[in-house]
Amino acid sequence: MLDKLERKIGKFAIPGLIRYILGGYAIGYLLYFIGQMAGGAFGGLSMINAMILEPAYIVADPRQIYRILSWVLIPPSFTNILFVLIMMLFYYQLGMSLERIMGTFRFNVYIFGGIIFTILGAFITYGIMYALGDPTYTMGFSVSTYYINMGIFLAFATIFPDERVMLYFLIPIKMKWLAAVYAAFIVVDFISSDWGRRAIIIASLLNFLVFFLMTRDHRRIDPREMKRQADFRRAYDRGAQQRGQGGFGSTFRGFGHSTNSDNTSASGNGNPDVFEAARRNMASRNSARHKCDICGRTEITNPELDFRFCSKCAGSHEYCNEHLFTHA
C-alpha cells in the first residue's frame with residue numbers, strides 16, 4: 001500500500017520534515033516567552049492554553065478550530081532554553097537519520113500518521129465522555145508533542161538498537177536500553193492515568209506500533225507458514241521412508257545434494273507428487289538470483305518481495321524489503 005501511495009503522491013512529501021517540526025517548537029517557545037514577558041509566568045501558560053487541542057472548546061466554539069493544528073507548535077518542555085536547544089538538536093539528528101533510512105515519503109507518513117492518530121484519539125475520547133454525560137471534559141496537556149518525539153525516538157531505537165548516545169554528554173548508553181527506560185516511563189504514565197489520557201497515549205503512539213509490527217518477521221508464527229512446513233516434513237518423511245532413508249531431521253541437510261538416483265524418482269504408496277514438488281522447490285532456491293541474507297527467501301519462493309543490496313554493509317549483502325532497513 002505504501003509503495004502504491006508513494007508512486008501516486010510521493011512528489012508531495014516534504015523533505016526535511018523534522019526541520020519544520022522543530023521550527024514549530026521554536027515558534028511555540030517564543031509565544032510562551034512573549035506571554036511571560038506580558039503577564040508573568042501565568043501569561044506564558046495562558047498563551048499555551050489557547051493552543052492546546054481541546055475538542056470540548058472546538059465543539060462549543062467552532063472559531064477555535066485552529067486548535068486542531070496549533071497544538072503541534074507546543075514544545076514538549078518549557079524548562080530552560082539550554083535544555084530546549086539540546087532537545088531540538090538531538091531530535092534533529094534522529095529525524096534526519098530516520099528520513100534517510102525510511103525515505104522522505106515514508107517518514108512523512110510516519111510523522112503525519114502520529115499527528116492524525118492523536119487528533120482522532122482526542123475527538124473519540126471526548127465523544128465517549130460526552131456520551132457518558134460529561135460534555136465539558138477537557139484534555140489539558142494530555143495531547144502533547146511529547147509523544148510525537150517519543151515515536152521518533154522509539155523508531156530510531158528499533159532500527160539502530162546498538163547505536164550509542166552520550167547521556168548528559170558523559171555516559172555512553174545504547175539506544176535500546178534508553179528506549180527501554182522511556183518505555184517504562186510510558187507504562188507507568190499509562191497505569192497512573194485515567195482512561196481519557198490512556199486513550200491519548202495509545203493513539204499518539206499508534207504510528208510506532210504499526211511501524212514496529214510492519215518491520216517484524218511474522219512468518220514463524222504465521223499459521224499458514226507453520227502448516228506449510230508441517231506438510232513439507234510429512235511429505236519428505238513419506239518419500240524418505242519409501243527409499244529406506246532416514247526421516248526429515250537426519251537427511252534434510254543433505255537434501256538436494258545427494259547423488260542417489262532414488263532422490264529423483266518415487267513410487268509406491270507414498271505421495272511422490274508432493275515429494276517431487278518439494279524437491280523442485282529446494283532446487284529452485286539454489287538457482288535463485290536473489291536471496292535475503294536474513295530470512296533466506298528468494299524471488300522464486302516469494303515473488304511478491306523486492307530485493308535490494310545494502311549500501312551500508314561491507315561486501316555484497318542482499319535483503320528483502322522487510323529486512324533491508326531492519327538488519328544489523
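The values are calculated or read from the model by the stated rules, or taken from the named source; none is laboratory data. Fair warning: this is a prediction, and the values are worked out from it, not measured in the lab. Using ideal geometry, Cβ is built from the backbone for each residue, glycine included, and neighbour counts are taken over all protein chains shown. Keep in mind that these areas ignore ligands, DNA and RNA; they rest on the heavy atoms of the full protein, side chains included. Shrake-Rupley method; radii C 1.70, N 1.55, O 1.52, S 1.80 Å.
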Note on ASP162: of the conditions (1) touching a strand residue (DSSP E or B) at 6+ places or on another chain (Cβ under 7 Å); (2) part of a helix (DSSP H, G or I), unmet is (2)
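Go through the residues of the stretch 97-112 one by one and say whether even a single one is in contact (Cβ under 8 Å) with a residue 12 or more places away in the chain, under 25 Å from TYR57 (Cα atoms) and small (Gly, Ala, Ser).
no
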Within the stretch 136-148, restricting to residues that are touching a helix residue (DSSP H, G or I) at 6+ places or on another chain (Cβ under 6 Å), open to solvent by 10 Å² or more (accessible area, probe 1.4 Å) and assigned to a helix (DSSP H, G or I), the one that is modelled with the highest pLDDT is ILE148
Could you pull out the residue among PHE12, PHE33, PHE90, PHE105 that is surrounded by fewer than 12 Cβ atoms within 10 Å (Cβ to Cβ) and among the aromatic types (Phe, Trp, Tyr)?
PHE12
